[in-house]
Amino acid sequence: MSWAGPEDVYLSTSLASYLDRKLLVLLRDGRKLLGILRSFDQFANAVLEDACERAIVGDLYCDIPLGLYIIRGENVVLIGELDLEREELPPHMTRVSEAEIKRAQKAEREATDLKGTMRKRMEFLDLD
């Protein structure tokens, strides 16, 4: 059994204030999850109810439903409460279907891959 340090107590206390509230959770891999915090432990492992992944590509977005979702604390970068009184996104953002956002994500990945490939091909040129 390990001893919980003072920082663990602060973490537990601060997460306790978010119980039963709608949160945005940013993960290490860049995904953004929204949901209602129902439970957590001293390692910041968390359970979100009615969770969804917010996928954003340019001005397009889609909330992909996940249901009840368990998040490993080591993957959490940021947790913040959403203000239900305010608009969550700027007005220029357009909500699209899950199929449309998947196509946009694929196109974005392909463009990034092509850019990386072109950069590698151009490395032989010493432009400095």
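Laid out as a table, the results:
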{"read-out": "Residues of segment 62-71 classified as open to solvent by 90 Å² or more (accessible area, probe 1.4 Å) and over 24 Å from Arg103 (Cα atoms), total", "value": "2"}
{"read-out": "Count - residues of segment 43-53 that are surrounded by 15 or more Cβ atoms within 10 Å (Cβ to Cβ), of a type outside the set (A, V, I, L, M) and within 13 Å of Gly73 (Cβ to Cβ)", "value": "1"}
{"read-out": "Set Glu74, Glu85, Glu53: member being of a type in the set (D, E, K, R), farther than 24 Å from Ile101 by Cα and not in a helix (DSSP H, G or I)", "value": "Glu85"}
{"read-out": "Residue count, segment 11-42 (criterion: within 25 Å of Lys102 (Cα to Cα), open to solvent by less than 60 Å² (accessible area, probe 1.4 Å) and either assigned to a strand (DSSP E or B) or of a type in the set (Asp, Glu) (or both))", "value": "9"}
{"read-out": "Selection status of Pro90, in a strand (DSSP E or B) and out of contact with any Phe, Trp or Tyr (no Cβ under 7 Å at 6 or more places or on another chain)", "value": "no"}
{"read-out": "Pair list, Cβ under 6 Å, 6 or more apart: segment 33-53 residue of a type in the set (Ser, Thr, Tyr), other residue surrounded by 14 or more Cβ atoms within 10 Å (Cβ to Cβ)", "value": "Ser39/Val47"}
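The values are calculated or read from the model by the stated rules, or taken from the named source; none is laboratory data. This one's a predicted model, so the numbers in the text were calculated from it and none came from an experiment. Cβ: placed from backbone, ideal geometry, glycine included. Neighbour counts: every protein chain shown. Side chains are part of the model used for accessible areas, which takes the heavy atoms of the whole protein and leaves out ligands, DNA and RNA. Shrake-Rupley method; radii C 1.70, N 1.55, O 1.52, S 1.80 Å.
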